Each structure stands twice: as C-alpha cells, then as structure tokens.
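These notes are about the structure you will find just below.
The values are calculated or read from the model by the stated rules, or taken from the named source; none is laboratory data. In this text the structure is predicted, and so the values were computed from the model without any measurement. Quick reminder, even Gly has a Cβ in these numbers, built from the backbone with ideal geometry, and neighbours come from all protein chains shown.
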Amino acid sequence: MKPFYQKLVASPTQSVIFYNEEKPHFTVPWHFHPEIEILYVVKSSGICYTGDGIHRFTEGEISIIGENVPHWWKSDNKYLEQGEGNGIKALIIQFRKEIFDANFINLNEMRGIRELIGKSQRSIQFKGKSRKILGDQILKIFKLKGIKRITELIILLDMMAKAKEFDYHSS
C-alpha cells in the first residue's frame with residue numbers, strides 16, 4: 001500500500017503543532033509528512049507501522065518519527081468498538097527541522113539534538129525509565145503556551161538525545 005501525503009496546517013501564530021488527540025481510535029491510515037513527529041500514547045494499544053518496521057504499541061509509548069517517514073498507528077479492535085471509555089488519547093508534537101536555523105542547530109550545544117533528528121529517520125521508541133521522564137516533560141509542555149512551549153520542546157529533544165533506553169523501528 002502506498003502512503004498518502006498528509007498536509008499539516010499549523011495556525012498562523014504557531015511554528016510547532018501541539019495536538020491533543022482524543023478519538024474513538026487512531027484514524028489516519030498509512031501516511032507521511034515533512035514534519036518530525038513526537039507521539040505520546042496516553043491511552044491506546046495496537047500495531048504501529050513505521051518505515052519498514054512493525055511493532056506493538058501500548059499505553060505510555062513515546063516515539064519520535066523523522067520527516068517523510070511513512071507511519072500508521074492502528075488501534076486494537078477494542079478501540080474500534082464504540083463502547084464508553086474505549087477511546088484513545090495521544091499527545092502529538094509536529095515540527096519541521098527548519099524551525100532550527102543553520103546557525104542555531106550547528107551550535108556545539110545542539111549536537112545531541114542534531115543527531116537525534118538524523119536518527120529519527122529510523123523511528124525511535126523510548127523504553128524503560130526514559131518513558132516516564134519523557135512523558136512527564138510532554139505533559140508539562142502541553143500545559144504551557146507561547147515561547148515556554150518552544151523552550152521546553154528543546155529541553156525535551158535534549159532529553160531524548162541523552163536517553164539510553166530506546167529501540168529503532170525502521171532501518
């Protein structure tokens with residue numbers, strides 16, 4: 001199956017998309033977009049297809065998926081049933097790498113983030129204690145507004161770059 005191009009539209013006042021997804025189930029099929037995506041699965045489980053990889057996802061999963069990497073989060077059948085309380089919840093952050101201009105991203109202090117963005121082309125799933133720490137940071141970001149969200153996003157990316165517990169899900 002060929003992935004479709006998903007055009008994401010940020011508001012005119014935002015350079016980063018912050019989206020709190022609460023639906024009966026994940027609805028976007030096999031797709032790609034030029035934005036890097038950070039996804040925190042607060043409530044759901046199922047199968048995730050990223051690039052040429054397939055893995056099972058569960059509540060608490062945190063992943064970063066690189067630009068133009070095709071992906072599909074397919075909810076388990078229990079989320080497809082319309083029963084009360086069966087819906088999914090995910091926190092999604094999407095941004096283009098160009099939000100960091102060449103001078104900024106090439107600072108020595110940004111080396112880890114620069115490398116993380118490159119590695120995200122293989123789709124990274126964080127494991128162990130990293131999940132809790134990164135999840136708390138994502139929850140913090142979603143409570144903020146404006147420039148504070150951006151500064152905390154940079155901190156999140158730095159935390160991801162330093163995390164030791166992760167798997168790649170695409171080659």
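Miscellaneous remarks
- Subset of the stretch 9-23 that is closer than 19 Å to ARG96 by Cβ and more than 14 Å from the chain's Cα centre (by Cα) - its residue that is modelled with the lowest pLDDT: ALA10
- Qualifying residue in the stretch 12-31 (condition: out of contact with any Cys (no Cβ under 6 Å at 6 or more places or on another chain), small (Gly, Ala, Ser), at positive phi and not in a strand (DSSP E or B)): no
- Count of the stretch 143-158 residues which are of a type in the set (A, V, I, L, M, F, W, C) and surrounded by fewer than 17 Cβ atoms within 10 Å (Cβ to Cβ): 5
- Screening ILE65 with (1) touching a helix residue (DSSP H, G or I) at 6+ places or on another chain (Cβ under 9 Å); (2) over 21 Å from GLU152 (Cα atoms); (3) not charged (D, E, K, R) gives one miss only, at (2).
- Residue in the stretch 159-171 that is in contact (Cβ under 8 Å) with a residue 40 or more places away in the chain, more than 22 Å from VAL41 (Cα to Cα) and in a loop (DSSP other than H, G, I, E, B) present: yes
- Lone qualifier among LYS78, LYS74 - being at pLDDT below 95 and in a strand (DSSP E or B): LYS74
- Test set (1) over 14 Å from the mean Cα position of the chain (by Cα); (2) aromatic (Phe, Trp, Tyr); (3) closer than 21 Å to ASN20 by Cα - PHE100 fails condition number: (3)
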